[in-house]
């Protein structure tokens, strides 16, 4: 029980556990405001209509845009 090697290992483990807890607290405090702001934004914006979604999709992926069809080259676009 009083082995110096075990005592040293236990000391290192205790230090690591403290650092892990501190890191968890820091991460939770950094992530929470982002989640809140994203949720607030999407709630305040409301549901976007399908035309808006399609426009955003086409802007993001212009090479996949098809004027007359929802499917092009076996790649289907969201409605």
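The values are calculated or read from the model by the stated rules, or taken from the named source; none is laboratory data. As the structure is a computational prediction, the values presented were derived from the model and not from experiment. Because the Cβ atoms are built from the backbone with ideal geometry, glycine has one as well, and the counts that use them run over all protein chains shown.
The single residue among 37, 42, 48 that is at pLDDT below 75 and in contact with a helix residue (DSSP H, G or I) (Cβ under 9 Å, 6 or more places away or on another chain) turns out to be 48. Cβ-Cβ distance below 6 Å, separation of 6 or more or different chains: which pairs start in the stretch 44-65 with a residue that is surrounded by 10 or more Cβ atoms within 10 Å (Cβ to Cβ) and end on one that is at pLDDT 75 or above? Pairs found: 65/58.
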